[in-house]
Amino acid sequence: MAVLRTNVSTKRGINRDFVSWWMLSLAGCLLMACVHSSHIRRGREFYAQAGEVTLGGLLSVHVNGGSGAFCSVLRESGAIQRMLSMAYAVNEVNSRDDLLPNVTLGFAIYDDCSTETMALVETLNFISTEGLDNRCTGTAYPNLIGVVGAENSGSTRMAAELLGLFHLPIISHFATSDVLNDMSLFPTFFRTVPPDRLQAKAIIDILVYFEWTYVSLVYSDDTSYGIEGMRKLQKEAEDASVQICFAEIISVTALGTDYDDVIRQLRRDRNVKVVVMFSNFFDANQVFAAAKRNNATEEFVWVGSDGWGVSVEEIKGQEDAALGALTVVPYSCPVERFANYLKTLTVDKEPNNPWIGEILGNMSFSVVRNDNVVSPVFNAVNMFAHALDDMLRTGCPGVPTGCNITGGLTCDFLKTLTEHIRNVSFVGECGFELKFHHGEVVGRYALQNLQRRTDGTYEYVRVGMWDIDDDDVSVNRSLIYWNLKDERYNWTGYSEEDTTEIFGPVSRTRTIVSALEQTPESICSHPCDYVAGYVTVPSKDSACCWTCSECRSNEIVTNVGMPTETCTACNDEESIEIQNFTWPDPEDRTRCLPIPATHLNWHDGIAILLVVLACLGLALTMATLVTFTINNEHKLIKACNRELSYIIILGVMLEFVVVFCFVAEPTPGTCTTTRLLFGLNFTLIYAPLVTKTNQVYRIFRSGRRSVKRPKFISSQAQVVIACVLMVVQVILTCMGFILVSPTSVKKDMPVLTEKLVELQCEQHVYELVATLVYNVLLVLVCTYYAIITRNLPDNYNESRFISFQVYTTLVIWLAFVATFFTAKSARYRTVYSCMAMILNAFTTLICYFSPKLYGVYFVNQSDMNVQGTSMRNPTVTTPEGTVPERPGSITGVNFSPAVTRPQAASFSAAMEHAQDGQVQKSDAMANGTENDIKKVVNGTIDLDDVEGTDNDATIIVNGTCTTDDSPDPSYVKSRVVIKEMEGTQV
């Protein structure tokens, strides 16, 4: 039951006699203040009846009135019935032969005026400061066995704390605060109603039953009832996944405008229609009055506690605002015999009752309903009677004076009586067995619905029950009626005629709706959990409002239906590390399922295209190889350095072969093959090309500067240089295997928000970059030589073909690098790698080998003008024709016939006079050939292999043929072979 705030408490472990004196001093001060206060309406009125033993009572008869009138207004009928029922119950015990047959029970009932202060003052009537060593009660009631009351938890707390010092038991019929559970502070306290923690659980279970998972809370600002009840509610709500969206405390100093603010706050979340009000009846009445002032009487379903929901009289005048409310009150039952007694009540029947005249003058008991009013009081009185009866029948064990109850009760007697109360068991008024467990009875609550009768009066109709033994709610929905606008129909934009035609004869002003037809929703937003993959995101403006937010494609919904509902990614850092990739179940998005790994396979369209191109390329490469092998002695084949050409063909072939390894399923074998060949096959092509272009460049550069032949320009030397360049690439690849990582197959999820797991070869980026950088350097070097040798004579147009090849390769590999390192999918990286190799291989076939194949098949050898740059076996051109060459290194190719220009007769004559390998330069020769010879500049003639020569070179300068050591420039020590330069032949 609700209480007002109190600051009085007793500390543990302090000497009780010492504490008692302090408490008595405080009580005395309060008594003096009350006695001398001008606000006290009447004297010390109390209702008493003598007996051998006395039972005290702290019950509420009056309440404070307006304008500061203290204890001036008569309480409602329920409170008056509780006061009268105590006297009735005592007299009923006295009339029984089976209960206390030889003992007369008396009573002394005091009015606590529904305030804690007055409750403390009236408690002083039951104790005395005299004779504390051998007496526990005062002289006024020396045979006091205990006290029934009080109604409010705050009043009960103060009375129990004080009475406990004197070992006087107290049984409350309405105090429900959990603060009273502490038996070290309240060792003699008992109650016939369950505590607030069970009431909070019952309220939450009822909310769950009606699926009201989003509610508001209003509670009183008193420690013993409102605040403790709020804490219990919040704890139970959290355990049951019920969200309290808005919680508002009502201050003890609240004014009318403060209650208006409460209504405005409740209206802020318009879809949250259920309001739990855990407060005393005074605050509840003020809230209802504010609801009427603000036209909010049909907007909320009020769920009330026992602080205001016990009887209709507690909210008298505000019933229309609370109409349809559900209240949770301690379970009780009507006492028909007492109801019949009240109907015949007169002043003469209650001669000792000082308030009977006022009561009968203000209320009528002709029709009495006491369903939730008097049975707890009857149970409290019977608890004392049964405990005392049991004690007396057993001979008062533990009491030195025995069962002597005359002359006052000792502390030992009261201590023993308290233990008997703790262990008492009997059948109560409602037919249930009553017994205490830690000072409390078994928790049962009744669910009531406030309804309006046909005569316009109001009543609470019992519609269900909550029992802690079953831990469940039983509700009869057919008995419940809500006071809410009928939300099944949307009247907006419809006239009366329209609604009748569309919806039928339904009243537009109808507000009373049966629970069988409709149960109000209490939400701020409709739930999202019915849509897979959506979660509720709380609103910034309201604690209860939310929006439906879709989880990302790789996330599942966890804690479904709970306030902590959230999106959780299927793959966290741990699963990624162990390559355990999962994806949300598409049906409900609440669990993660494994993702099967995929890879580029033979059935994919792009894979088929790559394989077809690779097969075509292999066929062309094999045709090229066969052509070179069959025509191995062809002058054109010999002229293009057959050894380097075969290495290039091998590189092209491997580029097409490695495509098949890329398309195949990644395994340690295929992965090792691709790692070895990806960089090496490219090097097999460009290492020989770099060697060839460098050879051409060095020969012509040396010819301009010196008469000496450049080094390492023979075929064997060229192959060795190319192999050295290839070995560097092999070393880089092997270092990658040794230093970076071994070959392995791994699973990878390129994009966490896409359902794709790929099986791929694991290769460290450092190894890949090193391989690519080296190959790019070869291409750049080859490009450099191709550029500076691009303007050689037509006989050397092979340099131009190489230039075309390296330019195309640069474009291909620049595009490859840009796409490969930006691609997130291994599938695309594989496709890019294959396309790059296929294009590079086809470029080599087209730019480098196709001109040679064309020359072999479509140009006659007699029409070919091929020139060698190694000059070990040069081509001899004479006036009579072209002398067949010996095998040698040829780099210049021209598919036009060799031109033999007519020479002067003197030149022929001079040649005929050659003696001992010397040719004397005649005037005819000098005069006849001067103009032609002038065109030959810095042409180097290698005569090492010519028999009978001692010198290395002959230089033709300004038309003069000389040797290095000849004293006469007119003679040459060998057959002079003049190299054709710029189209001129000598």
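All of the numbers you see were taken from the coordinates with simple rules; none came from a lab. The shown structure was predicted, so the numbers you read here are calculated from the model rather than taken from an experiment. As a convention, Cβ positions derive from the backbone with ideal geometry for all residues, glycine included, and neighbour counts pool all protein chains shown.
Assorted remarks:
- Filter on LYS638/LYS692; LYS232/LYS292; LYS201/LYS235 - keep pairs with C-alpha separation over 20 Å: LYS232/LYS292
- With θ taken as phi - 60° and the Karplus curve 6.51 cos²θ - 1.76 cosθ + 1.60 applied, the whole-hertz 3J(HN,Hα) list for segment 231-247 is 5, 5, 4, 5, 5, 5, 5, 5, 5, 9, 6, 9, 9, 8, 6, 9, 10 Hz, x standing for glycine and proline.
- Check: segment 605-863 dipole with +1 on Lys, Arg Cβ and -1 on Asp, Glu Cβ, in debye: 960 debye
- Its Cα gyration tensor gives segment 534-594 an equivalent ellipsoid, and the semi-axes of that ellipsoid, as √(5λ) in whole Å with the largest first, are 26, 12, 9.
- About the Cα centre, charge dipole magnitude for segment 534-594 (Lys/Arg +1, Asp/Glu -1 at Cβ), debye: 220 debye
- Calculated FRET efficiency, GLU762 to VAL720, Cβ-Cβ distance, R0 = 41 Å: about 0.70 to the nearest 0.05.
- Dimensions (Å) - segment 607-654, Cα atoms, principal axes, largest first: 41, 16, 11
- Spin-label pair ILE468-VAL560: with each label point 7 Å from Cα along the Cα-Cβ axis, the two points sit 3.5 nm from one another.
- Segment 351-393 and segment 203-275: distance between their alpha carbon centers, rounded to Å: 34 Å
- Evaluated over the Cα positions of segment 605-863, the convex hull gives a direction-averaged projected area, one quarter of its surface, of 15.5 nm².
- Under 5 Å between amide hydrogens, built in the peptide plane, is the criterion, and for VAL252 it picks out ASP221 among residues at least 5 positions away or on other chains.
- Chain lengthening between GLU45 and GLU336 when straightened (0.36 nm per residue, less Cα-Cα): 101.8 nm
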